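K.L.:
What follows is a structure written as structure tokens; I'll ask about it next.
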Amino acid sequence: MAEAEETTGISAGQFIRRLLLLLGLSVGVGFASRLLGMEVHQQVATAVFFSIILGSLFFWAFRLAIAFLGIGILIVTNSLNIPHFVEAAALPVILFLVGMMIIVGALRDLGFFTWIVQGIISIPNITGRKFVMVTAVASALLACAVDEVTSIIFIATLIFQVCQRLKLSPTPYIIICVLCTNVGSAGTMMGNPVGIFIGTQAGFSFEDFIYWAFPIMLVSLAATVALTMFWYRREMDEFQERLKERMDRNLSLVPKVKVPYKRSLFVLGFTLVMIASHHQLEHAFGLGPNSMLLVAPLICAGVIMIVRRQRARYYVEHEVDWWTLLFFMLLFAIAGTLEYTGVTGVLAGHFVKVFGHDQRVLIPVIMATTAIGSAFVDNVVFVAAFAPVIKELGRTVAATPLWWALLFGACFGGNITLIGSTANIVALGMLEKQSRSTVRFLDWLKIGALSSLLACLIAWGMLAALHSYMPEKSTAVREAPVPAEAGHAAAAPGTHESGGGSSIGLDPVAERVSI
Amino acid sequence: MAAAAREIKVSDYLAEGNILCRMGNIPAHEAVDRLVSLLFMHVGGFDRQGAIDSVMEREQLDSTVLIEGLALPHARMDGLQQPMVAVGLSHEGVYFPENNELVRILILVLTPKSDPSAYLKLVSAISKSLSEESLRLRLGLCDTPSEAYALLTAGVRGIPAHLVARDLMNAQPVTVREEDDLATAISAFCVQRQMDIPVVDETGDIRGVLAIEDLLHLSLPEHFLWMEDLTPIVNFQPFAELLRKDHETKVADFMRDRFTTMDPETPAIQLAKDFLKSGVRQIMLAENDKLIGVVNVQNFVAQLFWA
């Protein structure tokens, strides 16, 4: 939707200007990276990654095309080879997302989301404030259970419906729920693609998320709900009045019906139990870390596709967002090239030089950098680039709190601008379509930046207080045996002269992740 | 040598103002009442109630439904100077209880009692001009008196070599305003049997479009549509509340404000493609945002294939 608008919204002149700017800046950054001591392949990898960042800024609709070309350039210049491309593409993460998308499709079919929406509307003695609060919390928890985009699509539909009945502008309530959805997406691995990516990179289990990320998310969520409801207090009063007036006239918000929900609840429950118990199952079956976690949605999706075989093809063809997943896959591969060629080693070295090893400094720096970066660039892009740097840092400092800082920065930073997360873009697209109203960049920035700052401060405070209690994870990096093709990789360009990477004494090949 | 008597034509006695379109699904006596009243208003010179009674008496003696969908109610009247003709058209059909039949075309004929042959001559002329089934079908679909008058007087014209939307459009479609209430929209959909209604403002600019599904959508919230199978929901009764507040709900509340229009000069083949590929039922034709007319798939097919 937003993509189509952008595709048609750019004139030929604008397109050429942006393209020249993208090429100029990317090549410029590539050359400039020489100043940091990078060799040719590292420069190419840096330039290509930078073009991906600019591509998602300038050409949101063409980001996949730019990723295709980027991979092409990396392979042709021998900055990346095919085995490492396949390895770095994080196929298990992609398949995890495919499985979750199929499960979400089945949940929709089976009435789970209808039941949730109907449940919210049918709350007894509902008032305007209660409704907004419940909706905001539901959007966050739903994001935890499925994902932020799915959550906001369903919650936004509910808001449009209610606002239409009450003849209210849905904009403030949509903003409240989007902000809460982004906060909620940090609660579990399923909330956001960066969650599962960080989880696999850091070696976090589902339990780790529930134990460390979920409570921080809940406190941040409470603060975000309170702040946004105070910010839009006039709109809350109006909502309250209109709803009361309607209820006094014995008019409902929607027809009262009994939605069958048991089958959908069973599907969701089964999936969550599978995911939640992955650690125990891996131990029981002697499997590698997170292997059960990554295949759990695939197993559930497989069962669903057998039971609902008449809809199986529909789920795979229509419920899976292949466009986005392909982009993620190529993005991970391009980001992996930074690691493969030793760029991240150079960056980590400089990072340590500037900020040192003190976690009291590193946590807020990483969180702030990621939050600001995620405000303007797809947070997956930013996290994919930052993850190898944190892995490098993990050689000398305890990395666990840094991974959490990366997660919270990426998720909460999405609230800063209206293009900060996919959920924002989707919700604003729906808003424009439904009520023909747009949100101005500055209007969003005021409440978005404020709520993001508040949530980040809470997360920072809690991480600072808890980081000494966090057990250090034996990440897949350290556990994974050096792959058989390491010999080939060792001979790959960039690995033998990893420049600044050697400042903390690392061979970039050795720490490649096998997820 | 005596000059040959001039052949009588329907157009000799029919004025465009004496054609009533969209009469709806009404009983025959009401239709006759309306047509007689129309003649009385525009021509006059006869006893209105007397004419209605005479026509209905004649109808009860023997039905004047000639062929399927066409009736010629008539009466001979004292004091008439010349024959009078009025035409009534109904998409839904006027109900003739004697035949238990729905009639789409009513041609009311009043002739002077002093000229017994006038009725026969007129009936002969009407029968001749409506002998073609295609013309009767197209006449029954006419939405405007001018369209019907043109058909009755000039007959079916040939299809031009380069058929464009303007040749096929209904120039006076049913429209509603944004400020109209739900009751008006329901009436337009259900009484006038419309499927898609353009929404225009006071200057005739198109503001949106209302499809009959929008009415349904109003009572069936979006979140129910997420489910694949709604059969387990048996207690769905949304309409009572919807109707209770039909005067509060305005067309603007549920119309679609994203719509596409076409230029009246768009070739017919493009319209055909859009009907087939886009699944639209009706295409709005506009010039400078002003509604010029509509082409719906039913009229499109009728005009192309029944002509």
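K.L.:
Just for region B:96-230, what percent of DSSP beta bridges are antiparallel, to the closest 5? Don't jump to the answer; show the numbers that get you there.
P.N.:
On the way: 6 of 8 bridges.
Expressed as a percentage, antiparallel bridges in region B:96-230 total about 75.
K.L.:
Using θ = phi - 60° and the Karplus relation 6.51 cos²θ - 1.76 cosθ + 1.60, list the HN-Hα couplings for region A:23-40 in order, rounded to whole Hz, with x at every Gly or Pro.
P.N.:
5, x, 5, 5, 5, x, 5, x, 5, 5, 5, 4, 5, 8, x, 8, 8, 4
K.L.:
May I pose another question? Averaged across A:250-256, how many Cβ atoms of other chains sit within 10 Å of each residue's Cβ atom?
P.N.:
Details: counts 2, 4, 2, 1, 8, 13, 4.
Per residue, the number of nearby Cβ atoms from other chains is 5 on average.
K.L.:
Determine the dipole magnitude for the protein assembly as shown: charges of +1 sit on the beta-carbon of Lys and Arg, -1 on that of Asp and Glu, nothing else is charged, the reference point is the Cα centre, and the result goes in debye to the nearest 20. Working shown, then result.
P.N.:
Working: 61 positive and 76 negative charges, 231 e Å.
The dipole of the protein assembly as shown has a size of about 1120 debye.
K.L.:
When the Cα centres of region A:84-141 and region A:287-346 are compared, how far apart do they sit, in Å?
P.N.:
That distance is 18 Å.
K.L.:
Jot down the per residue volume, in cubic angstrom and as a whole number, of the convex hull over the alpha-carbon atoms of region A:219-319. Don't skip to the answer; put the middle values down first.
P.N.:
Values: hull volume 20.6 nm³, N = 101.
Enclosed volume per residue, from the Cα hull, is 204 Å³.
K.L.:
Moving on to the next point. Nearest 10 degrees, 0 to 90: what angle lies between the long axis of helix A:128-145 and the longest principal axis of chain A (Cα atoms)?
P.N.:
Between helix and principal axis, roughly 30 degrees.
K.L.:
Over the heavy atoms of A:K433, what accessible area does a 1.4 Å probe trace out, to the nearest 10 Å²?
P.N.:
120
K.L.:
When the C-alpha atoms of chain B are aligned to their principal axes, what extent does each axis show, in angstrom, from largest down?
P.N.:
The Cα atoms of chain B stretch 79, 48, 37 Å along the principal axes, largest first.
K.L.:
Short version: ³J(HN,Hα) in whole Hz for each residue of region A:414-427, in order, from phi by Karplus 6.51 cos²θ - 1.76 cosθ + 1.60 (θ = phi - 60°), x for Gly and Pro, what are they?
P.N.:
Coupling constants for region A:414-427: x, 7, 5, 10, 6, 9, x, 9, 4, 4, 4, 5, 5, 5 Hz.
K.L.:
Check which residues have an amide H placed less than 5 Å from A:G288's amide H, if you skip close sequence neighbours.
P.N.:
Counting only residues 5 or more places away or on other chains, the set is empty.
K.L.:
To continue, here is another question. How much accessible area per residue does chain A have, counting only protein heavy atoms and a probe of 1.4 Å, in square angstrom? All intermediate terms of the calculation are to be shown ahead of the outcome.
P.N.:
Details: 20050 Å² over 515 residues.
Here the residues of chain A average 39 Å² of exposed surface.
K.L.:
Roughly speaking, to the nearest percent, how much of chain A's 1.4 Å accessible area is carbon and sulfur?
P.N.:
Working: 13570 of 20050 Å².
The computed percentage sits at 68.
K.L.:
Mind pulling the angle between the C-alpha long axis of helix A:441-466 and the longest principal axis of chain A? Nearest 10 degrees, somewhere in 0 to 90.
P.N.:
The two axes meet at around 70 degrees.
K.L.:
Here is a follow-up. Can I get the semi-axes of region B:165-305's equivalent ellipsoid? Compute them from the C-alpha gyration tensor as square roots of 5 times the eigenvalues, in angstrom, largest first. Intermediate results must be reported in sequence, preceding the final value.
P.N.:
Working: eigenvalues 172, 72, 32 Å².
After scaling each eigenvalue by five and taking roots: 29, 19, 13 Å.
K.L.:
Let me ask you something else. Kindly identify region B:10-154 as rounded, prolate or oblate by the Cα gyration tensor criterion: order the square roots of the eigenvalues as a ≥ b ≥ c, call it rounded if a/c is under 1.5, otherwise compare a/b with b/c, prolate if a/b is larger, else oblate.
P.N.:
Details: a/c = 1.41, a/b = 1.21, b/c = 1.17.
It is rounded, given that a/c, with a ≥ b ≥ c, falls under 1.5.
K.L.:
Of A:V426, A:V361, which has the most accessible area with a 1.4 Å probe, and how do the rest follow in descending order?
P.N.:
Values: A:V426 30, A:V361 55 Å².
The most accessible residue leads, giving A:V361, A:V426.
K.L.:
Moving on to the next point. Under a straight-distance cross-link criterion of Cα-Cα below 17 Å, which aspartates and glutamates are reachable from B:K128, leaving out those fewer than 8 residues away in the same chain?
P.N.:
Those aspartates and glutamates meeting the cut-off are B:E7, B:D12, B:E68.
K.L.:
Shifting gears a bit: Can you tell me, using C-alpha contacts under 8 Å and at least 6 residues apart, the relative contact order of region B:165-305 as a whole percent?
P.N.:
Numbers: 192 pairs, mean separation 47.6, N = 141.
Dividing the mean separation by the residue count of region B:165-305 yields 34 percent.
K.L.:
Chains B and A: what accessible area do they bury, summed, in square angstrom to the nearest 100, with a 1.4 Å probe? If you can, show how the numbers build up before the last one.
P.N.:
Values: alone 16620 and 21160 Å², together 35490 Å².
Roughly 2300 Å².
K.L.:
Can I ask one more? At each listed q (0.07, 0.09, 0.12 Å⁻¹), what is the log10 of I(q)/I(0) that the Debye formula gives for chain A modelled as equal alpha-carbon point scatterers?
P.N.:
Reported log10 I(q)/I(0), two decimals: -0.38, -0.63, -1.13.
K.L.:
Follow-up. In whole percent, how big is the carbon plus sulfur part of the accessible area of region B:165-305, probe 1.4 Å, protein atoms only? Display every interim value, and only then the final one.
P.N.:
Details: 3830 of 7220 Å².
So the carbon and sulfur contribution to the accessible surface is 53 percent.
K.L.:
At a 10 angstrom cut-off on C-beta neighbours, averaged per residue, how do the peptides A:79-85, B:15-21 rank from highest to lowest?
P.N.:
Details: A:79-85: 20.0, B:15-21: 18.3.
With the highest mean Cβ count within 10 Å placed first, the list reads A:79-85, B:15-21.
K.L.:
Let me ask another. Which residues' amide hydrogens lie under 5 Å from the amide hydrogen of B:T261, considering only partners 5 or more residues apart or on another chain, with H built in the peptide plane?
P.N.:
Correct list: empty.
K.L.:
Report, in whole Å, the centroid distance computed from the Cα atoms of region A:31-72 and region A:350-398.
P.N.:
19
K.L.:
Using only the Cα atoms of region A:286-385, what do you get for the radius of gyration and for Dmax, in Å?
P.N.:
19.3, 59
K.L.:
Going down the list A:K433/B:K273; A:K130/A:K167; A:K167/A:K433; A:K256/B:K250, which pairs span over 20 Å between their C-alpha atoms? Mind showing how you got there, number by number?
P.N.:
On the way: A:K433/B:K273 26 Å; A:K130/A:K167 18 Å; A:K167/A:K433 16 Å; A:K256/B:K250 23 Å.
Beyond 20 Å: A:K433/B:K273; A:K256/B:K250.
The values are calculated or read from the model by the stated rules, or taken from the named source; none is laboratory data. These numbers were taken from a predicted model, which means no experiment stands behind them. FYI the Cβ positions are ideal-geometry reconstructions off the backbone, even for glycines, and counts take in every protein chain you see. Surface areas here come from the heavy atoms of the whole protein model, side chains and all, with no ligands, DNA or RNA. Shrake-Rupley method; radii C 1.70, N 1.55, O 1.52, S 1.80 Å.
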